[in-house]
């Protein structure tokens with residue numbers, strides 16, 4: 001189901017313009033890592049999944065998307081798992097840790113919501129990375145964010161940064177803080193770089 005849906009989306013989205021992918025070689029050769037991407041609209045989620053094919057992404061998604069039988073089934077088929085953003089519980093870390101231990105790729109949007117403004121990043125991605133001893137690959141997307149943008153044929157671009165690994169020589173708290181600073185710095189640099197593409 002995942003491959004069918006993603007390759008179908010690739011075909012449909014390509015009708016509005018092909019995506020330009022930069023520095024995909026930064027993705028680790030082995031799986032078991034987090035992709036942390038900027039989030040400006042629902043389209044970036046789709047293009048991110050297409051950009052890393054044939055790798056599958058397991059998205060952390062808001063629990064509201066799992067409230068109906070149809071969307072719950074769809075989300076599960078697309079390898080998404082729910083998180084309560086207002087009241088995060090143990091499963092917020094437990095599920096992605098298990099996925100990472102199995103060598104899978106977890107997709108997280110650290111802004112926590114769709115926004116075109118620079119907002120403080122949430123620490124979920126780095127907390128999970130530190131807990132699972134897994135690297136984070138920052139990614140920045142620039143392009144259409146909604147149906148209107150698609151029909152205006154705004155060109156989509158995505159760029160991948162260099163992996164950020166936990167520093168086991170530091171305490172867990174210090175390592176998470178260091179990863180957070182690096183993630184913010186790379187996000188800022190990648191967004192500036194992709195804007196010039």
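Computed from the coordinates by the stated procedures, all read-outs in this text should not be read as laboratory data. What you see is a predicted model; the values in this text were computed from it and never measured. Ideal geometry is used to build each Cβ from the backbone, glycine not excepted, and the neighbour counts take in all protein chains shown.
The stretch 119-197 and the stretch 3-40 have Cα centres separated by 14 Å. Stretched out straight at 0.36 nm per residue, the stretch from residue 63 to residue 94 would grow longer than its current Cα-Cα span by 9.6 nm.
Put a dot 7 Å past the Cα of residue 189, heading toward its Cβ, do the same for residue 53, and the two dots end up 3.1 nm apart. Computed from the Cβ-Cβ distance with R0 of 45 Å, the FRET efficiency linking residue 12 to residue 169 stands at 0.45.
Shown is the FRET efficiency for residue 71 and residue 148, computed with R0 = 25 Å from the Cβ-Cβ distance and rounded to the nearest 0.05: 0.60. Exposure proxy ranking for 126, 83, based on other Cβ atoms within 10 angstrom of each Cβ and starting from the fewest, stands as 83, 126. Using only the C-alpha atoms, the convex hull of the stretch 2-195 corresponds to 120 Å³ per residue.
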